[in-house]
Every structure is written in C-alpha cells, then in structure tokens.
C-alpha cells in the first residue's frame, strides 16, 4: 500500500555540499523517468511535472489514458504535468512491447523544491535546506519531514537518523539537520543521494476502547497498513478509515457514456471495514431493537446489522439530508461526532460507488464475474454473515464492499445524479439507498453499481460503513 509521499532528492558528491538532482529511475528498458521517480500505484500531486526520455534507438510512444504525450525515435523528451485528479494509466510502447503504470493523482498541489544538502563538521550531521510550495486539504494532518540517503554505487539505504529543525509541513523555506552517523552512514567520502519526504496519513484511526462513557475518542493517523496487518483491534475497539483522493468516474461502470460521469471534488476517508457489532456497542451501549442473532452471525468482529438509517443518523435532524448534513445528538453519528470533533457520516451514493470501484469500470471491483474470494454472498456464505475483512479487499484496501451486509448510503433513492459532488434526490417515497448486497444476495445484487432501497426506519440484514468528509 502506498502512502501519500511528497519528495525530492538532493545529490551529495562526497558530501561536500550539493544541488538539486532529479535522480533518474528506470521505468522500463525503453523510457527513463527523470523527475520525479514513479512506481506502480504511486500517489502523486497534481501539478508535478514528469519528464520522459527515450533510451537507445527505436520508436517510443508514451500515453496517459490513451492520449499520446510523447512520440520520439531516439532523442528528445516529453513532459506530463497532471492537472486532473483521479486514477490514470500511463503506458509506453517500444516496438511490440508495452509497459504501463497506474498512478493516482492527488487533489493537493504540494511540491518540495530547491533541495540543498551539506555536510557539517564534525562529521555526522547533514544540513538540508528546501522549500515547500502548494496547498493541502486543511484538516489532513501530515507527519514531519523524513530524511533518508541512498548510496549511489551499492544502493544501501540509510533511514534511521533523527531529523530535527523546521520539520512541520508548512509553505515556505525549511532547514533541518539529519543525523547521518546515527543512520549508519560512516564514510564522509561516500557518494549518496539525500531524500526529503513527507508521508501523509493514509489511514485515520478512532479509538473507541473507552466505550459509551468515554469523554472523547482519540484520533490518530497511520501512513500504511500495520506490519502485522489489520489486527483484531481494528475490527473491534478501533475504527480504521482509508484516505480516498478526489477524482472522477463513470457512475454505473463502463467508460463510454460521459453523461454519467461523476466528479468528487473533495477527498474523504472511507471505512476499511463495515462497522462491527463491538464498535456499535462501544458507541451506543445497547442495540436499538433486536440484537444480532446467532442464526445470522454474532460476535465482536461480525458486522453490525439490525440497525436502520434512523438509528445511524437520527429521525429528526438526521432525516433532513440533503437539505442539511446535521445528525441527531443521540444517534450513532451524533455521539461519534461529539466525541471526536470530526465530520463523520454515511457515504453518499457517489462516494460509495467511487470507493468501491477503486479505479475500475468492471461489473465487480475485481472483474466481470462473481469471485467468492472477494465477497460473502448466497453462493458461499452459508446464509449468515461473517467477520469483516475475511475476503480479499479492493485496490484501495476496502473490505466487504460486495456482500456480507447491505450498506446504508446517505442519499434518498431516486434517479441517479451525475456531475460534481451529487447528493441525490431532495426526497423519495422509495426510501434511502442501500448498496453492496449481502450474505443472502445473489451475485447480480452484489455488483459495484447495483442499487437497492428501503424505508429509513427498517432494520434487518442492513449495516453500514463510515466516511469522514474533508474540507478543501
């Protein structure tokens, strides 16, 4: 899993001082990327230019989403400077060979520029100067700057030295001191590249362990999946949400009908798992009606069900969406908002499908035929729910977007809305939207685009996952 990295390199030749160097990283035998390095699944910021240079002889073409940006034989370069956010496929062709990279272009326009690195006597520390330019969504905290170095000849990486100084991610000039000796860099004559990075918080964590009587639920952030994977605490006493970049997609799948294009202009966090029975009890204390049944799956890590839209948002203030985003104080979301100070909610229908697809346009987020490895549905569930996170996730690491329990969405069920940040109908006699299918659904009801609906007061095999809305 990638993190939202912003980085640049400064070259140190014998650590006698240095200037900005756009370190070349081979993308394939035919094309070299010189600014900046680019890996499969990379998350990059809009506005950062990527320079492509053909290597050797022969015809080379580079395209983005099928649109050609570079066509050269042996000399010259091409530049791609992404401005549109979303998932892009970069491909290049040399003769009969084709390579590709999938890249997520982030909404933020952050850049690290003018990197300078200089050794300081006595040997052991390096002064690194750089400039941060651009913007960031206001309520995404970022980690401090991280400095690492790599040996040009051996490839050895030195990453454990402490970084001190102006490490916070703010616009303007920065100076930090890096403890190279503590990182294991011993020889002053060693030629290395020094890297400055800000690793953004891919995951938002809410600690519910204090239970229903807690005054507050602590919120923290992680740059990636725990080395041990998502342990049981993230299914029981902690909520875990994944950062989803702003972008666009074709609602309902396919790629040809631009009239159905939806653009989400704001990033958001989306629940990695459906909210579980333990998490519901920690926030609410009791079940609103019947408690989960052993016949349909009962346990701390099983998804919460027998919960209605009104139980989650409320039947007073919480019933007024899309006219208002308010929720009832006594609802699940009302209590969670009060104890975190953050804007949690159900996903809109557009947010749900965008996150479910994770850049795909196929029937399911893994392909065009049902795969039991990805979903608990009528063909493999044994007519019961299962603990969350026991099927294969989608490309953004979200589990059970297909099957297990139906998931409530925020919108009224009506004619699908397209365009920028759609919020659905003002009201509908058909109730609120449900997505994803369940353990009792056939495969056709578990697709990325299938829609269902129900009166918001109804409880049965229906659960939910959370989003956290982020500001511009």
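Numbers for the structure displayed
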read-out: Packing-based exposure ordering (other Cβ within 10 Å, fewest first) of 239, 282; value: 282, 239
read-out: Computed lengthening from residue 219 to residue 118, 0.36 nm per intervening residue step minus Cα-Cα distance; value: 32.6 nm
read-out: Stretch gain in nm, segment residue 442-residue 426, where the contour uses 0.36 nm per residue and the Cα spacing is subtracted; value: 2.7 nm
read-out: Pair residue 324, residue 173: separation of 7 Å Cα→Cβ label points (nm); value: 5.1 nm
read-out: Calculated FRET efficiency for the pair residue 460/residue 212, C-beta based, R₀ 30 Å, to 0.05; value: 0.75
read-out: Kirkwood-based Rg to Rh ratio, segment 267-314, C-alpha trace; value: 0.99
read-out: Highest to lowest packing among 372-385, 390-403, 207-220, scored as the average C-beta count within 10 Å; value: 390-403, 372-385, 207-220
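No value in this document is a laboratory result; all are computed from the given coordinates. Quick caveat, the model's predicted, so the values are computed rather than measured. A quick note on method: Cβ atoms are made from the backbone with ideal geometry, for glycine too, and the neighbour counts reach across all protein chains shown.
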